[in-house]
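Scroll down for the structure; my scribbles are underneath it.
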Amino acid sequence: MRIMVASDGSPDASNAIEWLMHFPAPADASVEVVTVIPRQIFDEVNVRTPWSELRAETERGLEAARGRLARRWPTATARLLYGDPREAIPEAVQEAGVDLIVLGARGLGAMASFLLGSISLGVARHAPCAVLVCKGPARPLRSVTIAVDGSPDSSAAFAFFSALPLPKELAAHLVGVVQPLGRYPSSAPDIVTPALISALKQYEEDLRKELEAPLRDAASVLQPRLARATVATPIGLPAEAILREAKSSGSDLIVVGARGLGPLKRVLLGSVSESVLGHADCPVLIGRAPRENTR
């Protein structure tokens, strides 16, 4: 497995490194930490500019990050990239054939006070591989919530996570959300209302049955390997239900597919995964199925 860690020296980036130290990644993984700075504008042959100082300071921070990762992966490397991080990181990931990109939720930019920084969101949208966005205090992985909806990206997210060397004591909570069609119109004649209610309930039951197969398959993979693997099919808006289930189960990680089966499945990052990413208080692992023409 090839892992790339994006760091900018911010507290969240430092925390992401600590999260990765606890993450169940393979012991023989190839790990590289990268930092992105603006491209050089001025010729510095005769005159040093602030860019030189920026590069020198960045290289010192980059080496410190590499040293921390080397405690677990002795062959960890470091590389300085140039340009816009939202473009440079996905491009580097594509060129290096990276399997997982790891980064903090917020950086040192003007958007650092937001729930999710523009760089982490941009990378999550455009990276061609799995993305781990880290939030909250780093800790060992004891509980995980995995969203299952039968979509290719959801299946890819589960396949990526289940292939990791998971700790036996881990508890997995598999969630397939039944999204209601909506409430019946309040203006409907009384004689029609029971029929509408019955139709809505049948619709929800049909959705629940559609989720049974992928949930059952996922549970059958994890139950022999883990301390516990439970299944839930809550009714509600997908992102809200996933976050609620993760909170109630005390999850240290949420696993979602980049895009689901809804009308927005053609966008780079679906509304459900983006909402989970923006509001979760723990790391979120986003998986995506391979695409053609990803460059």
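Among what's in segment 143-156 and is in a loop (DSSP other than H, G, I, E, B) and closer than 14 Å to residue 254 by Cβ, pick the residue that is modelled with the highest pLDDT.
Step one: of segment 143-156, the residues in a loop (DSSP other than H, G, I, E, B) are 148-151.
Next, only the ones that are closer than 14 Å to residue 254 by Cβ stay: 148-149.
Values: 148: 95, 149: 91.
Within segment 143-156, the match that is modelled with the highest pLDDT is 148.
Does residue 267 satisfy the condition of being β-branched (Val, Ile, Thr), touching a helix residue (DSSP H, G or I) at 6+ places or on another chain (Cβ under 8 Å) and either modelled with pLDDT under 95 or not in a loop (DSSP other than H, G, I, E, B) (or both)?
Working: β-branched (Val, Ile, Thr): yes; touching a helix residue (DSSP H, G or I) at 6+ places or on another chain (Cβ under 8 Å): no; either modelled with pLDDT under 95 or not in a loop (DSSP other than H, G, I, E, B) (or both): yes.
Here the answer is no, as residue 267 does not meet what is asked.
Would you pick out the residues in segment 213-230 that are under 16 Å from residue 164 (Cβ atoms) and among the charged types (D, E, K, R)?
225, the sole residue that qualifies.
List every residue pair whose Cβ atoms sit under 9 Å apart, with the two residues 6 or more apart in sequence or on different chains, where the first one lies in segment 145-166 and is at positive phi and the second, anywhere, is surrounded by fewer than 18 Cβ atoms within 10 Å (Cβ to Cβ) and part of a helix (DSSP H, G or I).
Within 9 Å, the pairs are 150/210; 150/213.
Kindly establish whether residue 133 is in contact with a helix residue (DSSP H, G or I) (Cβ under 6 Å, 6 or more places away or on another chain), crowded, with 20+ Cβ neighbours inside 10 Å and of a type outside the set (S, T, N, Q). Write out each step before concluding.
Numbers: in contact with a helix residue (DSSP H, G or I) (Cβ under 6 Å, 6 or more places away or on another chain): yes; crowded, with 20+ Cβ neighbours inside 10 Å: yes; of a type outside the set (S, T, N, Q): yes.
Yes: the conditions hold for residue 133.
The conditions are (1) surrounded by 19 or more Cβ atoms within 10 Å (Cβ to Cβ); (2) over 22 Å from the mean Cα position of the chain (by Cα), and residue 8 fails exactly one of them. Which is it?
(2)
I'd like to check something: does segment 215-222 contain any residue that is within 21 Å of residue 159 (Cα to Cα), acidic (Asp, Glu) and at pLDDT 90 or above? Outline the logic, then answer.
So in segment 215-222, the residues within 21 Å of residue 159 (Cα to Cα) come out as 215-222.
Applying the additional criterion that residues be acidic (Asp, Glu) yields 217.
Narrowing further to those that are at pLDDT 90 or above: 217.
Checked segment 215-222: at least one residue is within 21 Å of residue 159 (Cα to Cα), acidic (Asp, Glu) and at pLDDT 90 or above.
Could you list, in sequence order, all residues of segment 218-243 that are in a helix (DSSP H, G or I) and surrounded by 15 or more Cβ atoms within 10 Å (Cβ to Cβ)? Outline the logic, then answer.
We begin by selecting, within segment 218-243, every residue in a helix (DSSP H, G or I); these are 218-222, 238-243.
Hits for segment 218-243 are 218, 219, 221, 222, 238, 239, 240, 241, 242, 243.
Can you pull out every residue in segment 157-170 that is surrounded by fewer than 18 Cβ atoms within 10 Å (Cβ to Cβ) and part of a helix (DSSP H, G or I)?
Filtering segment 157-170 down to residues surrounded by fewer than 18 Cβ atoms within 10 Å (Cβ to Cβ) leaves 159, 162-169.
Scanning segment 157-170 gives 159, 162.
Tell me yes or no: at least one residue of segment 109-122 is buried (at least 18 other Cβ atoms within 10 Å of the Cβ) and at pLDDT 95 or above.
If we filter segment 109-122 for residues that are buried (at least 18 other Cβ atoms within 10 Å of the Cβ), which is where we start, we get 116-117, 119-122.
From the residues that got through so far, the ones that are at pLDDT 95 or above too are none.
No, segment 109-122 contains no residue that is buried (at least 18 other Cβ atoms within 10 Å of the Cβ) and at pLDDT 95 or above.
The values are calculated or read from the model by the stated rules, or taken from the named source; none is laboratory data. Note that the structure is predicted; figures quoted are calculated from it, not measured. Counting neighbours? That spans all protein chains shown, and the Cβs are built from the backbone with ideal geometry, glycine included.
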